[in-house]
Structure formats: C-alpha cells, structure tokens
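Chemist: Could you have a look at this structure, given as structure tokens, before my questions?
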C-alpha cells in the first residue's frame, strides 16, 4: 500500500471527476470543473500538476493529447482520510468515534439491526 501525501478538498474534486470517468483529456477536465466549480484553466492545471507530483494521478498521452487518470483508488483515499480523521479527532480511538457518530445520527431500524449484528460479532 502506497501512502500518498494528504489530498486537499480542491484536489479531491479533481479526483472525484477522474474516479467517475478516466482517462480524460485536459480540455474535458477544464470544461467540467470550470462549469461546476467556476475554476480557471490555470487553477485546474495547477491542481492536476500537484496531483501528479503526489502520485495520485498520472498524465499520459493519447493521440498526442494530455489525458489524466487516477493512480490513487477512491477506496484507498477514503481509508487514508478516515485514519487521519480518527487520529486527529479521536486520538485513534475508533470506538469513541463510532459512539459519537451513532449518538449524533438518525438511524433506520434496519441500520440499528445491522449495527447490533456487527457489535455481536465483535463481542465473540
């Protein structure tokens, strides 16, 4: 497992686009993020360059045009962000995080049953 430097919220928006569809040419990335986020071409190109430097995205040439695709998988990014959040906010105590989340979240009866099942398995 490769550990990547932290991904900023703006970089995550670029990754989200690439996770949904890749490889994408630079022009398409600029068009879509420019329309949805209001970012300039320069901003988007800077974000792509940072993601390449962090080895979260790679640039490749297809028919002479620059395209980008993610190297960092969405699932791995979520795991890294979750671990970071857990350490920062709960000093690594996952049970404390779960308790706080359950106390603050509305849950359906089905979600409560599922959580009970998970907890029963943990007791064994």
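The numbers here are math on the coordinates, done by the rules we state, and not lab data. On a predicted model such as this, the values are computed, not experimentally measured, just so you know. Don't worry about glycine lacking a Cβ; one is built from the backbone with ideal geometry, like all the others, and counts go over all protein chains shown.
Chemist: Grab the DSSP H runs of the chain that are 4 residues or longer, score each as -39,500 (n - 2.57), total them, divide by all residues and round the 222 nm result to the nearest 500 deg cm²/dmol.
Modeler: About -20500 deg cm²/dmol.
Chemist: Okay, next question. With only alpha-carbon atoms counted, please give the Rg and Dmax of region 51-100, in Å.
Modeler: When restricted to Cα atoms, region 51-100 yields Rg and Dmax of 16.7, 53 Å.
Chemist: Percent relative contact order of the chain, based on C-alpha pairs within less than 8 angstrom and at least six residues apart?
Modeler: Answer for the chain is 21 percent.
Chemist: The chain: percent of C-alpha pairs farther apart than 18 Å?
Modeler: Everything past 18 Å amounts to 62 percent.
Chemist: Quick check: the angle from helix 94-104's long axis to the longest principal axis of the chain, C-alpha only, nearest 10 degrees?
Modeler: With both axes taken from Cα atoms, the answer is about 90 degrees.
Chemist: For region 72-124 and region 5-21, compute the distance between their C-alpha centroids and round to whole Å.
Modeler: 23
Chemist: What FRET efficiency, computed as 1/(1 + (r/R0)^6) with R0 = 41 Å and r the Cβ-Cβ distance, is obtained for residue 120 and residue 46, rounded to the nearest 0.05?
Modeler: Calculated value: 0.25.
Chemist: Tell me, what does the Kirkwood hydrodynamic radius of region 3-66 come to in angstroms if you use every pair of distinct C-alpha atoms?
Modeler: Its Kirkwood hydrodynamic radius stands at 11.9 Å.
Chemist: Arranged by the count of other C-beta atoms within 10 angstrom, fewest first, what order do 26, 108 take?
Modeler: 108, 26
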